[in-house]
Amino acid sequence: MGVRQGALEGMVTMAGYWAGRSVFITGHTGFKGSWLSLWLNKVGAKVHGYALDPNTDPSLFRIAQVGSSLASDTRADLADFERLALSIARAQPEVIFHLAAQPLVRESYRNPLETFATNIMGTANLLEASRGVESIRAIVVVTTDKVYGNDKSENPHREGDALGGRDPYSASKAAAELVVSSYRASFFATHNSPRIATARAGNVIGGGDWAVDRLVPDCLRAFAERKPVRLRYPTAIRPWQHVLEPLSGYMCLAEHLANSEGSRYADAWNFGPDLVDDASVGDVAQAMADMWGMNASVELCSSEVNPHETATLSLDSSRAQKLLGWRPRWPLTRALKETVAWQRHWIEGNDMRSISESQIESYLTGQPDE
């Protein structure tokens, strides 16, 4: 299965726009942030990072040598407002991508106060630190598909649906959306102000994710150790997508925000897979086991003792497809294949910077499956 028909139509010319531009990324040492840093460097941007040290060992940031190509690399907490403001002022970015967060549902149950502090006040600090920095044209704040209230209808969520969040992680991200909306109306409403938008993506997968309590990393760890992967919610349905899909959406959105009519795009946007690629946890795990081979197996375990998680999440990304010209390129099968291939390259001791960049190139050029 290759690239979808028409998937390359209407996409922005990323290399032409980003070459030589200063970009500030919070959370650049994380999974998404590392991939975004590699991509922006590849298209010629000057990337400035602000984050804590990688929170997993191994980490994509270290393995792919992301730090070697950064214009600056600041290790600090979002709570350190003075350091954050100084870093932004020194970088003089045209675009800011705010990815730094506590990103895990189960961790939010263990540490709710840290989750609220990071995801809500961290966002407020970032926006406050950006006020008065004249170089900034666009700010993309990354939230999640879990910001939506669960109306139990199982219909794909659209950007205008009510916000909610039963678990601390989801609630903190929904609150971050309100923080952005407030700052946009209160402080960034003039013609010369930076344009701010939020991006809500699905469940991202890809090489280099070693987080705990995420399905794909849990599967890959178990398969490598020749152990069965145990599933908490095998029937839960999620909008799975390769990490490069939402990143392309964030970059596309930033370009639109920064243009002369950018105020039209200062809003919330969904970046999810085509609805045919929504799949259950059990189906994804079994597909990965089949791709991995070598007796990889899947086991079910009772969900009665596990914290609450929404049974079905689905995103309607038609607005981004229509107004931004964005659309997903890789179907789920391709996303899983690239993820498994990346992991095998790492186990074999290959150059993971080169492997990661080659996957970005394959995504950009529409290289089909072999």
### Task
Restricting to the chain, compute how many DSSP beta bridges are antiparallel as a %, nearest 5.
10
### Summary
By Cβ neighbour count within 10 Å, fewest first, Arg62, Arg200 rank Arg62, Arg200
### Message
What percentages make up the Cα-Cα pair-distance distribution of the range 64-197 when the bins are 5 Å wide from 0?
### Response
2, 10, 18, 20, 19, 15, 10, 5, 2, 0
### Gyration tensor verdict on the chain (Cα atoms; rounded if a/c is under 1.5, prolate if a/b is larger than b/c, oblate otherwise)
rounded
### Proxy reagent accessibility, fewest Cβ within 10 Å first, across Phe61, Phe81, Phe24, Phe188
Phe81, Phe188, Phe61, Phe24
## Note on the structure
Spelling it out for Leu163: with amide H atoms placed in the peptide plane at 1.01 Å from N, the residues 5 or more places away or on another chain with amide H under 5 Å from its amide H are Gly149
### Task
For every helix of n ≥ 4 consecutive DSSP H residues, a contribution of -39,500 (n - 2.57) applies; sum these over the chain, divide by its total residues, and give [θ] at 222 nm rounded to the nearest 500 deg cm²/dmol.
-11500 deg cm²/dmol
#### Entry: Percent RCO, i.e. relative contact order, over the range 19-171, from Cα pairs under 8 Å lying at least 6 residues apart
23
### Task
Just need the relative contact order of the range 199-290 here, percent rounded to a whole number, with Cα pairs under 8 Å and 6+ apart.
44
#### Entry: Residues whose placed amide H lies under 5 Å from that of Ile205, excluding near-sequence neighbours
Gln241, His242, Val243
### Query
Hey, what did the chain get for relative contact order, percent, Cα under 8 Å, at least 6 apart?
20
### Task
Kindly identify the range 111-172 as rounded, prolate or oblate by the Cα gyration tensor criterion: order the square roots of the eigenvalues as a ≥ b ≥ c, call it rounded if a/c is under 1.5, otherwise compare a/b with b/c, prolate if a/b is larger, else oblate.
oblate
### Summary
Cα-Cα longer than 23 Å, checked against Lys32/Lys146; Lys227/Lys337; Lys32/Lys337; Lys32/Lys322, kept in input order, equals Lys32/Lys322
### Query
Rounded, prolate or oblate: which one fits the range 26-121, using the alpha carbon gyration tensor with axes a ≥ b ≥ c (rounded when a/c is under 1.5, else prolate when a/b beats b/c, else oblate)?
oblate
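Where a number appears in this text, it was derived from the coordinates with a stated rule and is not lab data. Just so you know, these numbers come straight off a predicted model, no measurement behind them. Note that each Cβ is placed from the backbone with ideal geometry, even for glycine, and that neighbours are counted across all protein chains shown.
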